[in-house]
Amino acid sequence: MAWHADAAGQMKSKARTTRKPPIQILQARVDQYAIRDRSFKFRGHRLLFSDDKEVGPVPRLALAHGGRGDILLVHCDRRWNVIGFSGHPTMREAKADAERFYPGISKAWKRTGYTRTQARRALARLPNPRCAICRKFWHEVQEIVEVKKTRLVLCDVCIRELYASLE
């Protein structure tokens with residue numbers, strides 16, 4: 001632990017603070033995260049691209065539950081801004097993918113403790129489209145349609161049910 005003197009001359013520790021990720025990244029609930037230090041060497045060349053550019057080593061990784069049951073491995077900068085991501089069917093496969101990028105990173109994963117309710121509330125605060133009939137958010141359904149003139153938003157399930165009722 002490093003020490004420094006503050007403005008009053010008092011000795012204070014310069015312990016590194018580890019900032020937890022936000023509740024949601026890419027509209028997905030963050031379940032676990034890892035802070036990568038220099039001991040985890042990057043070995044992921046030619047494995048992940050974003051906007052046709054290779055994603056290199058990043059200081060933060062997050063595992064998030066997507067809206068359709070998939071797990072996202074999210075590569076972030078120090079402030080949890082997304083650099084790139086990949087989707088996986090299970091948490092185990094997402095962690096194995098992270099291990100390919102950073103051998104030994106499995107020791108660094110920490111649980112966030114965020115609940116589904118907290119994630120839903122965080123998503124509800126965002127300006128997300130929501131179905132006018134069932135009130136589900138866009139990430140809870142397969143598709144969502146927005147009629148610009150009336151600013152009406154409907155999900156695929158409600159559209160199918162309306163169509164079936166007209167037949």
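No lab work stands behind these numbers, since they all come straight from the coordinates. Computed from a predicted structure; not experimentally measured. We place every Cβ from the backbone using ideal geometry, glycine too, and count neighbours over all the protein chains shown.
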Positive dipole terminus of the chain, leading residue within GLY87, TRP109, ALA122 (C-beta point charges): TRP109
GLY66 long-range amide H proximity, modeled H, under 5 Å: ILE71, LEU72
Rounded if a/c under 1.5, otherwise prolate or oblate - the stretch 127-166, Cα gyration tensor axes: oblate
Relative pair counts by distance (%), Cα atoms of the chain, 10 Å bins: 9, 29, 26, 20, 11, 4, 1, 0, 0
Selected from LEU47, LEU73, LEU152 as most flexible by GNM, with the chain as the system and alpha-carbon contacts under 10 Å: LEU152
Distance (nanometres) between label positions extended 7 Å along Cα→Cβ at LYS149 and GLU99: 5.7
Sites ARG78 and LYS136, calculated FRET efficiency, Cβ-Cβ separation with R0 30 Å, nearest 0.05: 0.30
Distance between modelled label sites at LEU162 and THR90, nm, 7 Å Cα→Cβ extension: 4.1
Karplus (6.51, -1.76, 1.60) ³J(HN,Hα), θ = phi - 60°, over the stretch 68-74, in Hz, Gly and Pro reported as x: 10, x, 7, 10, 9, 9, 10
Stretch gain in nm, segment ASP51-ALA122, where the contour uses 0.36 nm per residue and the Cα spacing is subtracted: 22.8 nm
